[in-house]
1. What FRET efficiency, computed as 1/(1 + (r/R0)^6) with R0 = 25 Å and r the Cβ-Cβ distance, is obtained for A171 and T278, rounded to the nearest 0.05?
2. For region 1-85, what does the alpha-carbon gyration tensor say about shape, rounded, prolate or oblate, given a ≥ b ≥ c as the root eigenvalues, a/c under 1.5 as rounded, and a/b over b/c as prolate?
3. Read phi for every residue in region 140-148 and hand back ³J(HN,Hα) as whole Hz from Karplus 6.51 cos²θ - 1.76 cosθ + 1.60, θ = phi - 60°, with x for Gly and Pro.
4. Hey, can you find the accessible area per residue of the chain for me, probe 1.4 Å, expressed in square angstrom?
5. Provide the percentage of antiparallel DSSP beta bridges, counting only those with both residues in the chain; round to the nearest 5.
6. Give the Debye-formula value of log10 I(q)/I(0) at each listed q (0.08, 0.15 Å⁻¹), with one equal scatterer per alpha carbon of region 313-562, two decimals each.
7. Determine, for each peptide in 551-557, 406-412, the mean count of other beta carbons within 10 angstrom over its residues, then list the peptides with the highest first.
8. Quick one: if the Förster radius is 51 Å, what FRET efficiency do V392 and E11 give, using the C-beta to C-beta distance and rounding to 0.05?
Amino acid sequence: MISESERAAYEGCQLPLMLCSVVDGHTHAEVVSDGLCRRFGMGREELHAALRAGLQNYTHPDDAAWLHSNTEDFINRRREELDVVFRDRSSPDEPYKMVHAVSRWQKMADGSEYALYAYFDMDATESAISRLFTQFADEQSDLIYTDPITGLKNFNYNRQFSMDHVERIRASGGVPMFMMLDIKGMQGYNQAFGYTNGDKLLRIVADELERARVHADGMVVRGNDDDFFILDAFKGDEKAIAEKLRQINERIKDRAYGLTNGLRAGVCVMDDDTRTTTAMDRARTALREIGDDMTVLCRFYSAEKDEIYWFRRYIIDNLDTALKENWIRVFYQPFVRTQTGKLVGLEALARWIDPRRGVIPPNDFIPLMSRFHQIWRLDLYMVEQVCREFAVRAEAGLPLLPVTVNFSAQDFDHVDIPAALDEIMGRYGLERDNIVIEITEQDLATGTEHFHEQLRALHARGFKLWLDDFGSGYSSLSIFSQFKIDRVKFDMELIRHLDDAGGANRRILRALNNVCRELGIRTLCEGVETQAQHDFLKEIDCEMAQGFLFHKPRPIEDSVFKAKNIGKSPTNFETKDERRALCDAWLNKGKES
Ligand code: C2E
Ligand code: MG
Ligand code: MG
């Protein structure tokens, strides 16, 4: 909202300017200055009416589209400023003149933001313009640059003058440091004690921050709501800054009767060429990094953490595109029968092949997708791609080995997975034993009742259920009495550390394999990288193996999936009869031992 005193100040301005609100991407002139009225030779009401009608016939028709697109860009993309030159006239009878329009975002005392447009005829000299601007700012300096609640400098001041302060700090030999601070739990404070007390707290904070400032050219600024900025000289080290903030917080708590937790800060130490706009973004990033961690008072910006932050944003912002443009590809990792080395199936593993960043492995994007509840989209996409690529394998003359797909417990909260699977597989004419469901031990152990029911439903429909990453430490063996699991995949950590602690994992793997056999559950060991590991699995008769020793995950175009490399009769694969005989032998062996 524009207050009465603000309105009067802008209306009285001799510069041709107007203050506009932005609603749904459209601007509405709220205040027009005397200077603008004079430029168009209209009274204030008349000019408002003309602006509402769109000021037809003033802008040169050849320049209208260009002006419009620049303004749109400024408004909708929240550019810092608009700076355009176009032909315009002050009345339809006048000739066109070159006009220079500039616009900035201007904050009112209550924090609301407006677009401030100013128009200069190009024949007015630069110096005349800046004189007018400076004069206006000088006359109305309190109103424009001071925060009415705390008396501190405000956001407009920061925007306009912070670089001057930075340069003065640098000139005195100091290293400038930009801090962004917020009050922990300010919203709750306002709710509990009312806005009048909230304002009092803001004044206490402002006062303490002003006192703590070290450099004469430093400044303390009140930003939005409970945000404060400090520009100061960096003294000491990160620990010293944190300690100083702790002391400031102590004093704030004292003065606010212990009812607040004080401030937290993100800090950016400014290199020689850092500008305040960049420093502000960095300080904000550092502050955001603290998140909900109540034990951290302040965090310094680091380029490395920034990279992580932007990488995460990139993934989230581009997820739709990655799925739509098929940036996400299925890589297949075959698994083999341990005794014969023949291929028996493939695991589908997601890879994000990014046009700019190259191959991104699932561990970099899956946790993010989980956090944003988007993983179900990936998993169904994977099912769709796998189903489509069955045809590619069939055409290549390969036996249609089953493909295992990784699912997350979260998927089942968002979609009816059994129905979705039926729908997709039905479209490709596939049977339910073509696709196997992999669920991690962790998900199974911590899943909801609904998730467990859906798994039972899948099983009842004829889908096989494999337990992934078993032995990674999330569940106990009792899980086998609650679920019908078809196959257990031993976590690769077990096989990797076979000989640690006097070979404990050897005994564990052997025992687990025997328990599974006892229960009629098949087994597979993941992450097999060496011949010694393979030999051990043969020795304990773990039925299947998967790992880089045999095959790395590869796209469907890879030569391992090309029939021409293995001949039309694919001897690398087991036939159905061969498979049945092997299964019988394996299970009978279990019964005998
Ligand atoms: P996972 O399902 O346990 O998959 C096995 C992981 O081990 C794969 O990593 C695979 O490339 C890797 N691996 C296989 N053999 C070896 C080996 O011999 N040595 C070593 N060091 N690693 C080996 P990847 O592809 O990076 O996948 C990591 C995890 O991401 C998967 O673990 C799975 O939990 C998850 N994931 C992958 N794709 C999907 C997907 O489409 N949906 C869901 N929900 N999760 C997926
Ligand atoms: Mg898996
Ligand atoms: Mg695994």
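The values are calculated or read from the model by the stated rules, or taken from the named source; none is laboratory data. Here the structure is a predicted model, which is why all the values come from computation and not from measurement. We place every Cβ from the backbone using ideal geometry, glycine too, and count neighbours over all the protein chains shown. Just the protein is used for accessible areas: all its heavy atoms, side chains included, with ligands, DNA and RNA removed. Shrake-Rupley method; radii C 1.70, N 1.55, O 1.52, S 1.80 Å.
1. On the way: r = 20 Å, r/R0 = 0.79.
FRET efficiency, A171 to T278: 0.80.
2. Numbers: a/c = 1.83, a/b = 1.25, b/c = 1.46.
Oblate.
3. Listing the rounded values in order: 10, 4, 4, 5, 7, 10, 10, 7, x Hz.
4. On the way: 29360 Å² over 593 residues.
Result: 50 Å² per residue.
5. Values: 62 of 89 bridges.
Roughly 70 percent of the beta bridges in the chain run antiparallel, per DSSP.
6. -0.31, -1.15
7. Numbers: 551-557: 15.3, 406-412: 22.1.
So the peptides 551-557, 406-412, ranked by packing, come out 406-412, 551-557.
8. Numbers: r = 71 Å, r/R0 = 1.39.
Using R0 = 51 Å, I get an efficiency of 0.10.
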